[in-house]
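Quick note: the coordinates plus some simple rules give every number you see, no bench work behind them. Just so we're clear, the structure is a prediction, and the values are computed from it rather than from any experiment. As a convention, Cβ positions derive from the backbone with ideal geometry for all residues, glycine included, and neighbour counts pool all protein chains shown.
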Amino acid sequence: MQLLVGLGNPGARYVGNRHNVGFMAVQEIAKRHGIGPWRRRFQGVACEGPLGGDRALLLLPGTFMNESGRAVAEAAHFYKLPVAEVTVFHDEIDLPPGKVRVKTGGGIAGHNGLRSISAHIGNDYRRVRIGVGHPGNKDLVQHYVLSDFAKSERDWLEALIAIIADNAELIARGEDASFQNKVHLAMVAKGFGDQPDDSNGDREEA
């Protein structure tokens, strides 16, 4: 079984925040692959179903971002899942808007959700890093990620979330490079993602 975790903050006031793009992605995966219904479990909401030839548990922690690891650990321990079977979808300020990178382990780049998960289950889980852009000043980061996507961003955001969901089976099968490439090519085909696809987005200071 794969555990796919979307990161975000619970509650209506946070729904459209950049910080909640992980929630958006995992909710769309459930919708497009007919996985459900969502039920209250593991200090959040979860649903379970087939994905990529395996079963997947989709989880949205009901804790706030900086306590996400509690929900992830509870779910992983319940199913006795190794950390390698955990994939976390999250916002990434060190990637341009609309870019996606997949990696296992590495730094947390100041992301409180990742920090909490690493503290609870270790660092060697897979991350699907969804670029939301950087405000340009470190002091503005918190306000930026806790603000809603602008109306001008909605087109690429909706396209990206749909493309991530459509290709989620590749993530479930561990075909990370294929997933990343298909997302990039699909975004370019839709007229987005025309920036050079060469940023590694691994700055640690954000």
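Each Lys and Arg Cβ is given +1 and each Asp and Glu Cβ -1; about its Cα centre, region 2-189 then shows a dipole of about 240 debye.
Highest mobility in the GNM of the chain, judged by mean-square fluctuation with C-alpha springs under 10 Å and restricted to Arg18, Arg39, Arg101, is found for Arg39.
Run through the DSSP bridge list for the chain and note the antiparallel percent, rounded to the nearest 5. Please list the in-between numbers first.
Working: 17 of 31 bridges.
Antiparallel bridges make up about 55 percent of those DSSP assigns within the chain.
Please work out how much length the chain gains when fully extended from His77 to Asn181, using 0.36 nm per residue of separation minus the C-alpha to C-alpha distance, in nm with one decimal. Mind showing how you got there, number by number?
Values: separation 104, 0.36 × 104 = 37.44 nm, distance 3.20 nm.
Taking 0.36 nm per residue and subtracting the Cα distance, the gain is 34.2 nm.
In this structure the amide hydrogen of Gln2, modeled in the peptide plane, comes within under 5 Å of the amide hydrogens of Arg55, Ala56, Leu57, none closer than 5 places in sequence on its chain. Potential lengthening of the chain between Asp54 and Leu140 amounts to 26.9 nm, from the contour at 0.36 nm per residue minus the alpha-carbon distance. Could you pull out which residues in region 33-67 have an amide N less than 20 Å from a spot 7 Å beyond the Cα of Ala162, following the Cα-Cβ vector? Within reach of a label on Ala162, which here means backbone N under 20 Å from a point 7 Å along Cα→Cβ, region 33-67 contributes 33-35.
Sequence-distant contacts, meaning Cα pairs under 8 Å at least 6 residues apart, place the relative contact order of region 2-189 at 27 percent.
Amide H contacts of Phe89 (H built 1.01 Å from N, in plane; Pro and chain starts excluded): Val5, Gly6, Leu7, Val128 sit under 5 Å, all sequence-distant by 5 or more or on other chains. Close amide H pairs (under 5 Å, H built 1.01 Å from N) link Gly44 with Gly62, residues at least 5 positions away or on another chain.
Length gained on full extension, Met1 to Lys190: 64.8 nm, using 0.36 nm per residue less the C-alpha separation.
Legend: ranking of residues Thr63, Thr104 from fewest to most surrounding C-beta atoms inside 10 Å; resulting order Thr104, Thr63.
If you wrap the tightest convex hull around every Cα atom of region 45-102 and split its volume per residue, you get 120 Å³. Under a Gaussian network description of the chain, with springs only between Cα atoms under 10 Å, the residue in Asp176, Asp94, Asp155 that fluctuates furthest is Asp155. Listing Ser116, Ser68, Ser147, Ser152 from fewest to most neighbouring C-beta atoms within 10 Å gives Ser152, Ser147, Ser116, Ser68. Rg and Dmax of the chain, both derived from C-alpha coordinates alone, stand at 15.5, 44 Å.
Result for the chain in a Gaussian network model with C-alpha springs under 10 Å: among Gln142, Gln43, Gln27, the largest mean-square fluctuation is at Gln142. Candidates Val15, Ile164, His134 compared by Cα position along the dipole of the chain: farthest toward the positive end lies Val15, with charges placed on Cβ.
Where only DSSP H runs of four or more residues are counted, the chain gives -10000 deg cm²/dmol as its mean residue ellipticity at 222 nm, each run worth -39500 (n - 2.57).
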